[in-house]
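**Q** Following this message is one structure expressed as structure tokens.
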Amino acid sequence: MGSRASTLLREEEIEEIKKETGFSHSQITRLYSRFTSLDKGENGTLSREDFQRIPELAINPLGDRIINAFFPEGEDQVNFRGFMRTLAHFRPIEDNEKNKDPTASEPLNSRTNKLLFAFQLYDLDRDDKISRDELLQVLRMMVGVNISDEQLGSIADRTIQEADQNGDNSISFNEFIKVGNLQHIYVWAGDHYLILTYILLSVLQDCLCSSV
Amino acid sequence: CSELLPLAIWLSELYWSIVDWATHRIERGAKDNNHLLYKPYSNGDNRDLDHASEFEMSDIFYFCRQGVESIMDDEVTKRFSAEELESWNLLTRSNYNFQHISLRLTVLWGLGVVIRYGFLLPLRVTLAFTGVGLLVVLTSIIGFLPNGRMKNFLSEQVHLMCYRICVRALTAIITYHDSENKPKNGGICVANHTSPIDVIILASDGCYAMVGQIHGGLMGVIQKSMVKACPHIWFERSEVKDRHLVAKRLSDHVEDKTKLPILIFPEGTCINNTSVMMFKKGSFEIGSTVYPVAIKYDPRFGDAFWNSSQFGMVNYLLRMMSSWAIVCSVWYLPPMTREEGEDAVQFANRVKAAIARQGGLVDLLWDGGLKRGKVKDTFKEEQQKLYSKMLVGTQEDRSRS
């Protein structure tokens, strides 16, 4: 018998998280029980090792970067609020939210914030630019040892060439957004199942074919 | 004290028949309403990296999606802790998210505690001691007999009787399906593993040769006396590492048709009975007939999963004996043999799929060893290789055109 009963989420906290992230009551309780099951130390926070214990995440080539996204600058523990705040980026954009009060602050799962999340997976030093090195790092993580440095370098160069508009040989957030169209991204949280489909950003295929 | 034993047996029989009646009512009710008591599950896999394409900045979203999905809910970590119930069964140990609902429920729960700990537990402990004691004593006596048919016959009877007493000690309501497929001599019986009780459940319906490591203490005493009556396969701790030795002893045993079928749990560790994890290929390399058995517990009466990192054996047995009952179904599946061109791993996966399908369990390829150990880097390297193939494949096509 663990100490789960003593760390049940209070109603006020659920309300606050609901307001901040937009998740429903049942989604929050479901994710809370997931949080506590990952928290092996039972101290109300997750460390990087707790995430690494998920086998499917440990074998993900970008696993470390994704885990990093949960931890604020320089910290080693994330509490439930922080956990939910990061997950909120993946919540689907519902129609009734579009007509909300325009003066209210932008919801965590807005298009821009979703793209910002993706941008920050590349931009490790948080200087608001994806440099050639940062792009190469992410590419190397995804391909492992299977592609040579030269080939990888040319892929990186080509990608920057297409996206870069102001000639500084790196990709800023505005250039990142313009790379393609945001097709659709949604998460629906049922009782047992959370699925995330991915953003399709299409690069102009004509440019690619003709540049070879 | 000797008057208490028949009373204990009689009371236990009474309780057993009450629970038995209750389970049959539930199952009949479920059939009438077309409910599936044991939900079937299909493991879908949707990878989108089949078509070759150029690198796009959005490619990270494929991995990002998989990563966040696995953070929200993954297939593996939840197999190593007890299954969550949909509604409470009045046992505190199954109380995860259910808050205080009403006074009446608390009173009911209190009554339950009194009945379970004050009444059922002493009853069951008495029976358990009787069963184990009889097993040790009688098998040692039989050990003195000369080898032959009489000895085997007596040994079978003794084993069955003692295991049946132990079954009563746990108040285990077991439904055996398809008994015509019961394992025969010279075969290997494989089953999914949830707890040490699996052994008692299977052995009370048929005689098997057990395989395992020799322990010290009480377990060791039981093991040594059992092997006097009929040949079980016990290994020293040092011998367990030597795979060839293990395989040789197993194949020697199955070749002798007078010896009993071997009982093996290929997962190698206890899983929480919602899924079947990777089968170790050792037992499938031997080349004899495999008799798969699926065991599914009903968690409403008491959760049988042994989380060995949470409690030790004695603690676990006490918890078992203070639940309401252990209700389970055992399916004997038709025997399988390795086909032409199939290697041990494929054969193991085929058997595993059959067991998972019958028991309504999720069929996973993950290794049960992940309970304690880290996942191998080779899996990550496989993913990287697949992604690279997608990128590089395009280069090759383009250079051709």
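**Q** Listing B:327, B:314, B:199, B:137 from the residue with the fewest other Cβ atoms within 10 Å to the one with the most, what is the order?
**A** With the fewest neighbours first, B:327, B:314, B:199, B:137 line up as B:314, B:137, B:199, B:327.
**Q** Using 7 Å Cα-to-Cβ label points, what is the residue A:165/residue B:307 separation (nm, one decimal)?
**A** Rounded to a tenth, the inter-label distance reads 5.3 nm.
**Q** With r defined as the distance between the Cβ atoms of residue B:376 and residue B:108 and R0 fixed at 35 Å, what FRET efficiency is calculated, to the nearest 0.05?
**A** For R0 = 35 Å, the calculated efficiency reads 0.10.
**Q** Given chain B, what percent of its DSSP beta bridges are antiparallel, to the nearest 5?
**A** 25 percent
**Q** Just tell me how shielded A:58-70 is by partners: mean number of partner chain Cβ atoms within 10 Å of each residue's Cβ, no decimals.
**A** 6
**Q** Over chain B, what is the relative contact order in whole percent, taking alpha-carbon pairs under 8 Å and six or more residues apart?
**A** 23 percent
**Q** Right, another one. Show me the ranking of peptides A:25-31, B:375-381 by mean Cβ neighbours inside 10 Å, starting with the highest.
**A** Descending mean neighbour count gives A:25-31, B:375-381.
**Q** With a/c under 1.5 counting as rounded, go ahead and sort the range B:205-355 into rounded, prolate or oblate using the C-alpha gyration tensor (a ≥ b ≥ c being the square roots of the eigenvalues; past the cut-off, prolate if a/b is larger than b/c, else oblate).
**A** oblate
**Q** As I understand it, the value is the acute angle between the Cα axis of helix B:377-400 and the longest principal axis of the Cα atoms of chain B; what does it come to in degrees, rounded to 10?
**A** For B:377-400 against chain B, the angle is about 30 degrees.
**Q** Still on this structure: At a 10 Å Cβ-Cβ cut-off, how would you order B:205, A:128, fewest neighbours first?
**A** Result, fewest neighbours first: A:128, B:205.
**Q** Additional query: Give me the dipole magnitude in Debye, nearest 20, for the range B:244-401 about the Cα centre, with unit charges on the beta carbon: positive for Lys and Arg, negative for Asp and Glu.
**A** 360 debye
**Q** Using a 10 Å cut-off on Cβ to Cβ distances, tally the other chain neighbours for every residue of A:29-42 and report the average as a whole number.
**A** For peptide A:29-42, the averaged partner shielding equals 2.
**Q** Separate question: Which of A:127, A:164 comes first, and how do the rest follow, when ranked by fewest Cβ neighbours within 10 Å?
**A** Least crowded to most crowded, the residues run A:127, A:164.
**Q** For the pair residue A:132 and residue B:256, how long in nm is the line joining their label points, each one 7 Å along Cα→Cβ?
**A** According to this spin-label approximation, the distance is 7.3 nm.
**Q** Go through B:161, B:128, B:176 and say which Cα lies farthest out towards the positive end of the charge dipole of the range B:102-182; charges sit on Cβ, +1 for Lys and Arg, -1 for Asp and Glu.
**A** The listed residue farthest towards the positive side: B:128.
**Q** Would you mind computing, in nm to one decimal, how far apart the modelled labels at residue A:11 and residue B:281 are, each placed 7 Å from Cα along Cα→Cβ?
**A** Roughly 5.8 nm, to one decimal.
**Q** Pairs B:281/B:376; A:40/A:129; B:78/B:248; B:257/B:280; B:182/B:376; A:19/A:129: which exceed 28 Å Cα-Cα?
**A** Beyond 28 Å: A:40/A:129; B:78/B:248; B:182/B:376; A:19/A:129.
**Q** Another one. Grab the Cα-Cα distance for residue B:83 and residue B:26, subtract it from 0.36 nm times how many residues apart they are, and report the gain in nm with one decimal.
**A** 18.5 nm
**Q** Assuming R0 = 22 Å, can you tell me the calculated FRET efficiency for the pair residue B:121 and residue B:214, based on Cβ-Cβ distance, to the nearest 0.05?
**A** The formula returns an efficiency of 0.15 here.
**Q** Could you give the dipole magnitude of the range B:287-372 about its Cα centre, charging the beta-carbon of Lys and Arg +1 and that of Asp and Glu -1, in debye to the nearest 20?
**A** 360 debye
**Q** OK, next. Can you work out the Karplus-derived ³J(HN,Hα) for every residue in the range B:202-215? Use 6.51 cos²θ - 1.76 cosθ + 1.60 with θ = phi - 60°, whole Hz, and x for glycine or proline.
**A** Taking θ as phi minus 60°, the curve returns 6, 6, 8, 10, x, 9, 10, 9, 7, 10, x, 8, 6, 9 Hz for the range B:202-215.
**Q** Can you bin the range B:271-401 into rounded, prolate or oblate? Criterion: square roots of the alpha carbon gyration tensor eigenvalues sorted a ≥ b ≥ c, rounded for a/c under 1.5, prolate for a/b above b/c, oblate for the rest.
**A** It is prolate, given that a/c is not under 1.5 and a/b is the larger ratio.
**Q** Same structure again: Ignore the peptide's own chain and count Cβ atoms of other chains within 10 Å of each Cβ in B:374-386; give me the average, rounded.
**A** 5
**Q** Under 20 Å from a label point 7 Å along Cα→Cβ of residue B:248: give me every residue in the range B:277-304 with its amide N that close.
**A** So the set is B:282-288.
**Q** Quick check on chain B: what does the Kirkwood estimate of hydrodynamic radius come out to from the alpha carbon pairs, in Å?
**A** Kirkwood hydrodynamic radius for chain B: 23.8 Å.
**Q** For chain B, what is the charge dipole size about the Cα centre, in debye to the nearest 20, if Lys and Arg each add +1 at the Cβ and Asp and Glu each add -1 at the Cβ?
**A** 1320 debye
Taken together, the values in this text are just the output of simple stated rules run on the coordinates, not laboratory data. Everything quoted here is computed from the prediction, not taken from an experiment. In this analysis, Cβ positions are derived from the backbone assuming ideal geometry, glycine residues included, and neighbour counts consider all displayed protein chains.
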